[in-house]
Amino acid sequence: MTDAYRFEPRKRARRRALQAIYQWQLTGQDPGQILRQFRDVQDMKGVDEAYFESLLRGVSERKDSLDEALSEFTDRPLEQVDMMERVVLRIGAYELLHCPELPYRVVLDQCVDLAHRFGSEGGHAFVNAVLDRAARSWRPDESSVPDPS
């Protein structure tokens, strides 16, 4: 099994989580209800459902602390950041702070990809800059290691 294939279920989980968290932010709907809706209605084939749930619940339960942690690295209040980029930043912050098994470069790459695909024009550059600064602060030992590529 190639590395790319092995990580695909998590990549799909991030995409579904992005949609679910966006829905939660937009509607204020209960995250548990959104979780059930996604499992019942959405195509979850090939999705790491446990990771999807972890992201949805983790971001929704820790929104305020994630926003506070991110505020140190943004040039404006998060309320002024495009909603899709805000969701991506929260996912990235959650993964950087609460998923130490994930290399920070994977988190950054995946979040930048989400912002590029689903965010506003140029939003991926903002997401990259914010999460890169956050990673250097929150994971100094890991981020000080030179990029092997």
inquiry  = List pairs: first residue in the range 17-37 and free of Cβ contacts under 8 Å to residues at least 40 places away in the same chain, second residue acidic (Asp, Glu) and not in a helix (DSSP H, G or I) anywhere in the structure, Cβ distance under 9 angstrom, at least six positions apart or on different chains.
reply    = Trp24/Asp30
note = Considering only helices (runs of 4 or more DSSP H) wholly within the range 55-149, the ones with at least 1 residues that are buried (at least 17 other Cβ atoms within 10 Å of the Cβ) and more than 13 Å from the chain's Cα centre (by Cα) are 63-71, 123-138, 140-143
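Looking at Glu79, Glu85, Glu8, Glu61, can you tell me which residue is out of contact with any helix residue (DSSP H, G or I) (no Cβ under 6 Å at 6 or more places or on another chain), modelled with pLDDT of 95 or more and not basic (Lys, Arg)? Please lay out each step first, then the result.
Details: Glu79 fails: modelled with pLDDT of 95 or more; Glu85 fails: out of contact with any helix residue (DSSP H, G or I) (no Cβ under 6 Å at 6 or more places or on another chain); Glu8 fails: modelled with pLDDT of 95 or more.
Selected residue: Glu61, the only one of Glu79, Glu85, Glu8, Glu61 that is out of contact with any helix residue (DSSP H, G or I) (no Cβ under 6 Å at 6 or more places or on another chain), modelled with pLDDT of 95 or more and not basic (Lys, Arg).
The values are calculated or read from the model by the stated rules, or taken from the named source; none is laboratory data. The model shown is predicted, which means the values in this text are computed figures rather than measured ones. As a convention, Cβ positions derive from the backbone with ideal geometry for all residues, glycine included, and neighbour counts pool all protein chains shown.
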